[in-house]
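One structure below.
Where a number appears in this text, it was derived from the coordinates with a stated rule and is not lab data. All values reported here derive from a predicted model rather than from experimental measurement. All Cβ positions, even for glycine, are placed from backbone atoms using ideal geometry, and neighbour counts span all protein chains on display.
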Amino acid sequence: MAEGDWEGKYNPSDHRTVGPHRAWSNSGEWCYPDMLCSGCRDEWVGTDGAIEVLCEVMHDAYEAAAVKTGWETQERSRAAWADVPEANKETMRAAVVALLERLGLR
Ligand SMILES: [Zn+2]
């Protein structure tokens, strides 16, 4: 293995690197830095950093769906995730965590 070779995001012993761009995982799939294998994705989804990424996805999807369906959201929440009020962020975090717990991913 050379310096900089990708060994998966988690559990390097479950991956066999083929260079800096990807690794073959024991689950029988490729693992890329920007498209994780299912094993790495399952580990990542339980992290606090993942919660923020998933909240942003949910926020953007909710606001976009609201426009499409004619549902009126609060004006102060119609902003980029980074700019929504903290109480809105906490509410979305709780919802995302509940979803992940229901799926057994947290
Ligand atoms: Zn992986």
Toy charge model, Lys and Arg Cβ at +1, Asp and Glu Cβ at -1: the chain dipole around Cα centroid in debye, rounded to 20, equals 260
For the chain, what Kirkwood radius comes out of the mean inverse Cα-Cα distance, in Å?
15.8
Computed over segment 46-102, the relative contact order (Cα-Cα under 8 Å, seq sep at least six) in percent reads 44
Count charges around Asp5 for me, please; just the other residues with Cβ under 13 Å from its Cβ, Lys/Arg as +1, Asp/Glu as -1.
0
Taking +1 at the Cβ of each Lys and Arg and -1 at the Cβ of each Asp and Glu, which of Ser27, Thr69, Thr47 sits farthest along the dipole of segment 25-75 towards its positive end, judged by Cα position relative to the Cα centre?
Ser27
Once phi is turned into θ = phi - 60°, what whole-Hz ³J(HN,Hα) does the Karplus curve with 6.51, -1.76 and 1.60 give for every residue of segment 84-96, x standing for Gly and Pro?
6, x, 4, 5, 5, 4, 4, 4, 5, 4, 4, 5, 5
For the chain, averaging the sequence separation of alpha carbon pairs under 8 Å that lie six or more residues apart and dividing by its residue count, the contact order in percent is 18
Rank the residues Asp42, Asp48 as a footprinting-exposure proxy: fewest other Cβ atoms within 10 Å of their Cβ go first.
Asp48, Asp42
What is the fewest-to-most order of Lys9, Lys68 by other Cβ atoms lying within 10 Å of their Cβ?
Lys68, Lys9
Cβ-placed point charges (K, R +1; D, E -1), dipole of segment 46-102 about Cα centre in debye, nearest 20
180
